Each structure stands twice: as C-alpha cells, then as structure tokens.
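The values are calculated or read from the model by the stated rules, or taken from the named source; none is laboratory data. Computed from a prediction, not measured in an experiment: that's the story for all the values here. FYI the Cβ positions are ideal-geometry reconstructions off the backbone, even for glycines, and counts take in every protein chain you see. For accessibility, only protein heavy atoms count, side chains too; no ligands or nucleic acids. Shrake-Rupley method; radii C 1.70, N 1.55, O 1.52, S 1.80 Å.
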Amino acid sequence: MEANGLGPQGFPELKNDTFLRAAWGEETDYTPVWCMRQAGRYLPEFRETRAAQDFFSTCRSPEACCELTLQPLRRFPLDAAIIFSDILVVPQALGMEVTMVPGKGPSFPEPLREEQDLERLRDPEVVASELGYVFQAITLTRQRLAGRVPLIGFAGAPWTLMTYMVEGGGSSTMAQAKRWLYQRPQALQLFESHAGHLGPQLFNKFALPYIRDVAKQVKARLREAGLAPVPMIIFAKDGHFALEELAQAGYEVVGLDWTVAPKKARECVGKTVTLQGNLDPCALYASEEEIGQLVKQMLDDFGPHRYIANLGHGLYPDMDPEHVGAFVDAVHKHSRLLRQN
C-alpha cells in the first residue's frame, strides 16, 4: 500500500475485496454477491441516462459507461461492479455493422455467410485501438469507484460472437453458424462458447481449446507486464455437460446457470475452483419473503466455501429493484448466519 491511499497502478486502494478472495478460494466473512446485468433497464435511473442515446453510442462514451456501472452500487451493497459495455463491440471493431433493433435485439445487416466474407474483417491488430473507448471507460470507472469494490471486465467468447456474426442476430437453432463448424473447421482458429447449442463433441473441439487459450494468454500477458494476477470466470450457459472440463480450463471461477443443481456441480468440479450462481432470475418475481427462503436454500446447497452468489443469468428489464435489493441483502444475511452455525 502506498501512503497516498493509491494502489501500485495509481488506482484507489481496494476497501472490499470479499469477491476477489472468494474467487481465489480464500475464507470470507460472508458470501459475496453481484448480479449479471446489474446495470440494466430494471433501474429507472438507467432508463433515464440511456433515454436519448443510441445503445452503441452509449457504449462508446466512457462517461456514460462509468455512470451506468456505478448506478446499481448506489442502491445496493453489491460486492463487485461490472463494466457497462456489450460483447458485440468486438464485431463492430472488426468492421461489421451492428444495430440494436427495439424489441428484437442486435442485428447485423451484412452477416458472414461464406469464407471470403472473412476478408471484410479488419486486422485484429487494429481492433485494440478501435476499442480504446472500452479501456477508457474501465480506467475512469476504477478511479470513480474509489476502491469501494472490485471491477469486473468481460468479453464474449469466440463461439458466441461467431453465432451473431454468421447468423446476423439471435437464432433458435444457430444452424448457419454450426454449418460452418461442420463444413469449414479450418476457418475457425479462435472460436469458443455459446455452449447450449453445441453438444459435447463440438464443444470439446471448437469451444474448449479456445476457452483454455484465452485464460492462458491473459495470465501470460499479465505476468509479462509485471501485473498482479486477476481471477477469471467462465460462464458457459447450458454447458452443464462440460462442467468438469470447464473446471480444468484455467479459470478460478465457473459460473452456473439456474438449470444446474449446486451439489451435483460441486461433485463434478471438485474443490479446486470457486462456483458462481445460480438463482433463477425469475425467482425475483416472487415475494421478498420467498426470495429470502430461496436464497437460504441456495446458500445451504453451495456451502460457504469457494462460492460467489449470483443469478443463473441476467436481470430482466421488468424486475422490481426492491426485489433485487432483497436478493442482495438475503445473501449477506444468510451467509453470515451460515458461518456462525
């Protein structure tokens, strides 16, 4: 620690590191909690900030991203912030056009359909500078957080990004993207996980090696830069068939969706990784009392060690912020009681 309260990279010193310690598998006084999509439309202040702006214009404004990231922390005693951005800023930086269509979601007017379409993409070397605004948002937010809680960054896994780039938007079958896997395996040197659409064979061949590679490269680059290691989370939705493999992929934390039973997941992954999850987001439509009971059951099932509480997917826009608060408070309260008994 430096005398001026700044950490080694000039960022404010961290005051609450419970989330990081749980991720590393260390003992904590209580179970840390955060929510996927905690910066989202369920908050009236989020809707107000976003009202006049196009979605991707918001993503490109470090000031707006910082504000949206901090909003849920002003309301709830969350143990981590997650930067406001979108996984599709990467295809944009590669030179593809993406629009956010109200009521439909992301749309690519000119998706990749044939191999020669790959030639339209920018050189990956250029992409890092194209994404400068993301790094600015992260830097600004770390300063404004003033060390209150850790900041989580995120990225779309290559397979997930590929599905959007090839399908042109969401799809119930991902048939176009999977056609590429079967017909042109040599063109897919960096493609990873939207796990539920891949069976074990395709997952092990086209997703898992690159999931491992991402972890390996990030850790190696941190070492090369002389920076402290960062715990990494892998969340492969509907990837229940690959839990064992994911636990050995080089990540400190494996995120679970709500379809996985906590005790079975723990049996499957062993004690060397932290689990994160996995309350059904729709449980937040229940009464606050029932949310408390569901949280208690979840905490009992996961146990106090190597565990970070979260939902099994993101918050939905029509959820009541009070119920989100009830979820966060219940995790803190019951996890402290669990440690006393």
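Roughly what % of DSSP beta bridges within the chain run antiparallel, to the nearest 5?
Restricted to the chain, the bridges split so that about 20 percent are antiparallel.
Do any trypsin sites (Lys or Arg not before Pro) in segment 234-315 lie in a DSSP loop with no more than 11 other beta carbon atoms within 10 Å, and if so, which?
K271
Determine ³J(HN,Hα), in whole Hz, for all residues of segment 231-239 in sequence, where each value follows from phi through the Karplus function 6.51 cos²θ - 1.76 cosθ + 1.60 and θ = phi - 60°; x replaces Gly and Pro.
After applying 6.51 cos²θ - 1.76 cosθ + 1.60, I find x, 10, 10, 10, 10, 10, 4, 6, x Hz.
How much accessible surface area, in Å² rounded to 10, belongs to the heavy atoms of S61 with a 1.4 Å probe?
Counting only protein heavy atoms, S61 exposes about 30 Å² to solvent.
Amide H of V98 versus every other amide H placed in the peptide plane: which residues, excluding those fewer than 5 positions away on the same chain, fall under 5 Å?
Amide H neighbours of V98: none.
Check F84: other-chain or 5+ apart residues with amide H under 5 Å from its amide H, H built from backbone geometry?
T69
With the dipole of the chain worked out from charges on the C-beta (+1 for Lys and Arg, -1 for Asp and Glu) around the Cα centre, which of V324, L43, V253 lies farthest toward the positive end?
The listed residue farthest towards the positive side: V253.
With a sphere of radius 14 Å drawn around the Cβ of H240, what net charge do the other residues whose Cβ falls strictly inside it have (Lys, Arg +1; Asp, Glu -1)?
-1
Helix-only estimate, please: 222 nm mean residue ellipticity of the chain, summing -39500 (n - 2.57) across DSSP H runs of length 4 or more and dividing by its residues, to the nearest 500.
Taken over the chain, the calculation gives -12500 deg cm²/dmol.
Quick check: Cα centre of segment 236-314 to Cα centre of segment 195-232, how many Å?
The two parts, judged by their Cα centres, are 20 Å apart.
Are any of the pairs K237/K263; K104/K237; K178/K219; K178/K216; K15/K264 more than 24 Å apart by Cα-Cα distance, and if so, which?
Beyond 24 Å: K178/K219; K178/K216; K15/K264.
Heavy-atom accessible area per residue, segment 263-328, 1.4 Å probe: how many Å²?
Spelled out: the 1.4 Å probe surface of segment 263-328, per residue, equals 42 Å².
How large is the accessible surface per residue of segment 12-90, computed with a 1.4 Å probe and reported in Å² as a whole number?
About 41 Å² of surface per residue is accessible.
Could you tell me which of C66, L131, P200 has its Cα farthest along the dipole of the chain towards the positive end, charges placed at Cβ (Lys, Arg +1; Asp, Glu -1), taken about the Cα centre?
It is P200.
Do any GluC sites (Glu not before Pro) in segment 36-132 lie in a DSSP loop with no more than 15 other beta carbon atoms within 10 Å, and if so, which?
Passing both the DSSP loop test and the Cβ count: E97, E114.
Could you please state how large a percent of the accessible area of segment 222-341 is carbon and sulfur, counting protein chains only and using a 1.4 Å probe?
For segment 222-341, the apolar C and S fraction of the accessible surface comes to 51 percent.
Name the long-range amide H neighbours of N310: under 5 Å, sequence gap of 5 or more, or other chain; modelled H, no Pro or chain starts.
Those lying under 5 Å, H to H, from N310 are G277, N278, L279.
Place a +1 charge on the Cβ of each Lys and Arg in the chain and a -1 charge on the Cβ of each Asp and Glu, then give the dipole magnitude about the Cα centre in debye, rounded to the nearest 20.
The calculated dipole for the chain is roughly 480 debye.
Can you send over the carbon and sulfur percentage of the accessible area for segment 30-79, probe radius 1.4 Å, protein chains only?
49
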